[in-house]
1. What ranking do 353-359, 102-108 get when scored by the average of other Cβ atoms within 10 Å per residue, highest first?
2. Within the chain, what's the longest stretch lacking GluC sites (Glu not before Pro) that sit in DSSP loops with no more than 15 other Cβ atoms inside 10 Å?
3. Summing +1 for each Lys or Arg and -1 for each Asp or Glu, what net charge is found among the other residues whose Cβ lies under 14 Å from the Cβ of TYR234?
4. As a check on your grasp of the helix formula, calculate [θ] at 222 nm for the chain: sum -39500 (n - 2.57) over DSSP H runs of n ≥ 4, divide by the residue count, round to the nearest 500.
5. Excluding PRO36 itself, what net charge comes from residues whose Cβ is under 15 Å from its Cβ, given Lys and Arg +1 and Asp and Glu -1?
6. For region 191-405, compute Rg over Rh where Rg is the Cα radius of gyration and Rh is the Kirkwood radius from the inverse mean 1/r over Cα pairs.
7. Simple spin-label model, 7 Å along Cα-to-Cβ: VAL187 to ALA407 in nm?
8. Calculate the all-directions average of the projected area of the chain's alpha-carbon convex hull, and give it in nm².
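Read the figures in this text as sums done on the coordinates, not as results from a lab. Since the structure is predicted, the reported quantities are computational estimates derived from the model, not experimental observations. For neighbour counting, all protein chains shown are included, and Cβ atoms are generated from backbone atoms with ideal geometry for every residue, glycine included.
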Amino acid sequence: MRCVVFAWSWLVLAGCAGWSNWAGNERCQPKRIARPATLAELRDVVRTSAHLRVAGAGHSWSKLVCTDEVLVDTRSLTRLLSVDEGARRIRVEAGMRLKDLDQLVAQHGLALATEPTISEITVGGAIATASHGTGLAHGAFSEEVVALDVIDGAGQLVTLDSPDDLRAARVGLGTLGVIYSITFRLVPAFNLEIYERVVDEKQAFEGIEQRVADNQHVDMFWFVTEHKVFLRTYHRTDAPIHVTHPARDPIEEWVVRTWIGQFGLATVGKIPGIKKLLNKVEPSLFPDQTTTDRSDHVFHRFPGHQKVYSMEYLVPIERTHDALQAIKDSLAATKFYPNMPPYLRFVGGAGDGDLSPLRGRSSCAIEVLSYTGFKGWEQFFRDLEPRFLALGGRPHWGKLFFANPRALYDAAAWANVERLRARLDPHHKLANELTRTLFTP
Ligand SMILES: Cc1cc2nc3c(=O)[nH]c(=O)nc-3n(C[C@H](O)[C@H](O)[C@H](O)COP(=O)(O)OP(=O)(O)OC[C@H]3O[C@@H](n4cnc5c(N)ncnc54)[C@H](O)[C@@H]3O)c2cc1C
């Protein structure tokens, strides 16, 4: 009897639970959620499904994942397939989290040259949306991909390693086959020294181009109402690991920024006076310090556990000042009081995928955020988006955007992507509402 009740509850849960992304703004009720754990199971689910979408860790805010059909959750595909220390290559299944990949490569004295800030995401999801870190010498994380093994619409395993195929498939938005495994190029392990301080915005923004050119990695959190910037510059070093506050860093991340940030602000921050007071205090929560640590620890230093909404545009780097002004103008126009600092990073993109928003130029990746508990963020984001578009901006595929980005990519890029799509998925099994608005019907 207990088994019957258990099985029945499981079925109800499986039928009703549906899928939702990390931020909770995207929810759907797929016909079935498949969780393949082997290559054979993955091929089987693709072969037997009429329509499907793929999910990684669900850390995208955009409408890329949701479907009413079959949803393939790749998080059980986490195996290391091969590692070649001499050639500095690693091949892993696509559902592996970035943080697990970091540990594996470190065990072999190797590292990834660049990484996004977040390490909870899957490697398949990270490349599919051109996720990135900061540094003009680097593009998106997907540029580190040298080969992909994908399951095509018929359930066959296809290896993609030619330049044209990779250029299309690196940033595939979940439409160019289901990625089974990824081969990354690696570099010898290295440490980064990171110098963090709060400075006046004038000091941070004047000569921004020079600062970005002079430092290997730069990022900035802009406390708009306080006219201050939390500025971080970091570079490779042969110096050994030296962490200034080993106990304080995690406490600050979890207690101050996550707990106070998420729960405190969501409950009391709606009162304008308190919000203003908190904004005043916030820059002082970021101490001046210099830390030397393993590269991945520095890349993921601010993982961001708070539940937020995010919109990020990649604008040509020479339009950075105009993008900052656009944020000020939109805040004034919508009277939205910022509850999180906009975040600026600087990336190259000469060799990236056809559909990478970084492609072909150096960009300032400028991101606006709001705690999920606050009202008015959508009006602010919607007001700001056309201003970023007017500057030649392209949206991050995994974050919020409202305009259709199709026209922001040239015909040759679409032609190469459509060519590979016709080969891998001629019957458009891997489409959803959003991708149908992007691709030729
Ligand atoms: C707190 C937080 C911090 C973030 N920090 C950064 C950052 O520093 N830099 C940055 O650029 N972005 C950042 N992002 C955005 C995030 O990196 C992207 O949205 C990324 O795509 C999420 O990966 P995921 O594994 O969650 O994939 P999902 O969001 O589940 O899926 C994203 C896309 O990948 C496709 N996909 C996933 N797996 C496969 C597969 N095996 N085969 C084919 N397609 C697949 C999906 O279909 C979908 O189109 C952040 C997001 C959050 C929530």
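1. Values: 353-359: 26.4, 102-108: 15.4.
Result, highest mean Cβ count within 10 Å first: 353-359, 102-108.
2. Longest run free of exposed loop sites: 207-441.
3. Values: positive: ARG197, ARG211, ARG232, ARG236, ARG294, ARG301, ARG345; negative: GLU115, GLU193, GLU196, ASP214, ASP219, ASP293, ASP296.
Overall, the nearby charge balance is 0.
4. -8500 deg cm²/dmol
5. Summing Lys/Arg as +1 and Asp/Glu as -1 gives +2.
6. Details: Rg = 17.2 Å, Rh = 18.1 Å.
On the Cα set of region 191-405, Rg over Rh gives 0.95.
7. So the two model labels end up 3.9 nm from each other.
8. Working: hull surface 88.4 nm².
Mean projected area for the chain: 22.1 nm², to one decimal.
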